[in-house]
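Here, each number is a calculation from the coordinates, and none is a lab measurement. Values in this document were obtained by computation on a predicted structure and should not be read as measured data. Note: ideal-geometry Cβ built from the backbone for every residue, glycine included; neighbour counts use all protein chains shown.
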Ligand SMILES: [Zn+2]
Ligand SMILES: [Zn+2]
């Protein structure tokens, strides 16, 4: 299964420029059979949405809901994820293996400490990765409260220092991932994973990421031997 691990929609992420349905169709055309929607779950995003915490989460999930609906038509499995900031810095974290109930339970995820988010993920059965930890303006956060690290980020509008991220993951024995960080057409299909088997629900994703045996897509090419 060729799966995109870092993807934004224009419906939910203010910095995303491509509507979910169009992007999903493009990913299907590019040969992907899975994608994880990781829109920004940040304070400024959630506070811009009206209503109760529950309603804000529903509005946040609009990009995911549209992507999932289009995925069913296009034959591509769309899974829920999130990219959230946390207390104590500007760094971004990717959550894999969450479903709606997780966000309903933690509608202020962005105000929690890294340890609290890590424990919430662990209790739920989800995984916490730091996204692009060496991007300019970011620093690697506490590896004791991380499951993994995004060691390839395909966004070309930032200096991501991906090699430093890979060394950090190795040094601390953390899981690794790759994602396009899709915001614009130029990001399409730059990153992702080639999993040895298919995942059909968010709940199955953590086990697939923990079992290894996959290759990372980097600059649109599958790179073997990274794991
Ligand atoms: Zn963004
Ligand atoms: Zn992102």
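Quick check on the chain: helices-only [θ] at 222 nm, where DSSP H runs of length 4 and up contribute -39,500 (n - 2.57) each and the sum goes over total residues. Nearest 500, please.
-9000 deg cm²/dmol
For the chain, what number results from the quotient of the Cα radius of gyration and 2.2 N^0.38 Å?
0.91
Between residue 211 and residue 142, what length comes free when the chain is fully extended (0.36 nm per residue of separation minus the Cα-Cα distance, one decimal in nm)?
Taking residue 211 through residue 142 to full extension adds about 22.5 nm, to one decimal.
Given R₀ = 35 Å, FRET efficiency for residue 54-residue 167 by Cβ-Cβ distance, to 0.05?
FRET efficiency, residue 54 to residue 167: 0.25.
Considering the zone a paramagnetic label at residue 221 would reach in this model (a point 7 Å from Cα along the Cα-to-Cβ line), which residues of the range 181-210 have amide N under 19 Å from it?
187-195
Set the Förster distance to 41 Å, then compute FRET efficiency between residue 100 and residue 30 from the Cβ-Cβ distance, nearest 0.05.
That gives a FRET efficiency of 0.90.
Could you grab the relative contact order for the range 2-223? Cα pairs under 8 Å, six or more apart, rounded to a whole percent.
Taking the mean separation of contacting Cα pairs over the length of the range 2-223, I get 21 percent.
What distance in nm separates the simple spin-label points at residue 157 and residue 43, each placed 7 Å from Cα in the Cβ direction?
2.3
Of 99, 159, 150, which is the most mobile in a GNM of the chain whose springs link Cα atoms less than 10 angstrom apart?
Taking springs between Cα atoms under 10 Å, the residue moving most is 159.
Antiparallel DSSP bridges in the chain: what percent, to the nearest 5?
50
Give the percent of DSSP beta bridges with both residues in the range 1-118 that are antiparallel, rounded to the nearest 5.
Of all bridge pairs located within the range 1-118, approximately 40 percent are antiparallel.
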